[in-house]
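The values are calculated or read from the model by the stated rules, or taken from the named source; none is laboratory data. Worth saying up front: this structure is predicted, and the values here are computed from it rather than measured. Here the Cβ positions follow ideal geometry from the backbone for every residue, glycine too, while neighbour counts run over all protein chains shown.
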């Protein structure tokens, strides 16, 4: 739940099936046929994040997916009689970008609280770690979720010591690596 506490343990179901009911497989198939044709993955995630909190907590995994698909297809007029949506041309990756960080750089995850969708986990905001490599560039999901598909940035796996994230009671041996877009980071 975005790094928030108080939601209890994650219950692992032994021998859990891929789908608990046939309708879940149908929702997955509908998703596969509609994503990147009528909406992008970041828009899909953003609709789930916009769900009413009580509805979100009560919904199953694929109920959230179905809610997102139905919402997006309604918002884009796909489900309205006689209307169609032209397919979106994919954004082109710019050739002249250069990364702002390199492996070994110490960085801090910015303490941002943007409205809408973000892939910046709350539990790393304001925390310091080390860049382990450089990936990309890739589209910034925060912009892509809102139809702005021209913001390409490098992504950096950043290793955070567990004690930096959770305090002195965390194991000194443990760490967490998180992929973070360049605009989420600042040099230390």
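Being assigned to a loop (DSSP other than H, G, I, E, B) and closer than 23 Å to residue 120 by Cβ is the filter; apply it to the stretch 26-51 and report the residue that is nearest to the chain's Cα centre (by Cα).
First pass over the stretch 26-51, keeping only residues assigned to a loop (DSSP other than H, G, I, E, B): 36-38, 40, 50-51.
Those left that are additionally closer than 23 Å to residue 120 by Cβ: 40, 50-51.
Numbers: 40: 12, 50: 13, 51: 15 Å.
Looking at residues that are assigned to a loop (DSSP other than H, G, I, E, B) and closer than 23 Å to residue 120 by Cβ, I get 40.
Would you confirm whether any residue within the stretch 136-144 is assigned to a loop (DSSP other than H, G, I, E, B) and either over 28 Å from residue 71 (Cβ atoms) or touching a helix residue (DSSP H, G or I) at 6+ places or on another chain (Cβ under 8 Å) (or both)? Checked against the condition, which is being assigned to a loop (DSSP other than H, G, I, E, B) and either over 28 Å from residue 71 (Cβ atoms) or touching a helix residue (DSSP H, G or I) at 6+ places or on another chain (Cβ under 8 Å) (or both), the stretch 136-144 yields at least one hit.
Do you know which of the residues in the stretch 145-175 that are assigned to a loop (DSSP other than H, G, I, E, B) and over 30 Å from residue 69 (Cα atoms) is nearest to the chain's Cα centre (by Cα)? Spell out how you get there, then give the answer.
Quick first cut of the stretch 145-175, residues assigned to a loop (DSSP other than H, G, I, E, B) only: 145-151, 167-174.
Keeping just the survivors that are over 30 Å from residue 69 (Cα atoms) gives 167-174.
Working: 167: 25, 168: 29, 169: 29, 170: 26, 171: 27, 172: 28, 173: 27, 174: 24 Å.
It comes out as 174.
Residues considered: 148, 93, 173. Of these, the only one that is free of Cβ contacts under 8 Å to residues at least 12 places away in the same chain and closer than 27 Å to residue 39 by Cβ is 148. Residue-level analysis places residue 72 among those that are modelled with pLDDT of 90 or more, in contact with a strand residue (DSSP E or B) (Cβ under 6 Å, 6 or more places away or on another chain), on the phi < 0 side of the Ramachandran plot and not assigned by TED's automatic domain parsing to the domain that holds residue 146.
Tell me yes or no: at least one residue of the stretch 53-62 is assigned to a helix (DSSP H, G or I), touching a helix residue (DSSP H, G or I) at 6+ places or on another chain (Cβ under 6 Å) and modelled with pLDDT of 90 or more.
Residues of the stretch 53-62 that are assigned to a helix (DSSP H, G or I), as a first pass: 53-58, 61-62.
Still in the list and also touching a helix residue (DSSP H, G or I) at 6+ places or on another chain (Cβ under 6 Å): 62.
Filter again for modelled with pLDDT of 90 or more, leaving 62.
Yes, that holds for at least one residue.
In the set 117, 113, 67, only one residue is under 17 Å from residue 141 (Cα atoms), modelled with pLDDT under 95 and either surrounded by 13 or more Cβ atoms within 10 Å (Cβ to Cβ) or in contact with a helix residue (DSSP H, G or I) (Cβ under 8 Å, 6 or more places away or on another chain) (or both); that residue is 117. Among the numbered conditions (1) in a helix (DSSP H, G or I); (2) closer than 17 Å to residue 72 by Cβ; (3) out of contact with any helix residue (DSSP H, G or I) (no Cβ under 6 Å at 6 or more places or on another chain), the only one that residue 23 does not meet is (2).
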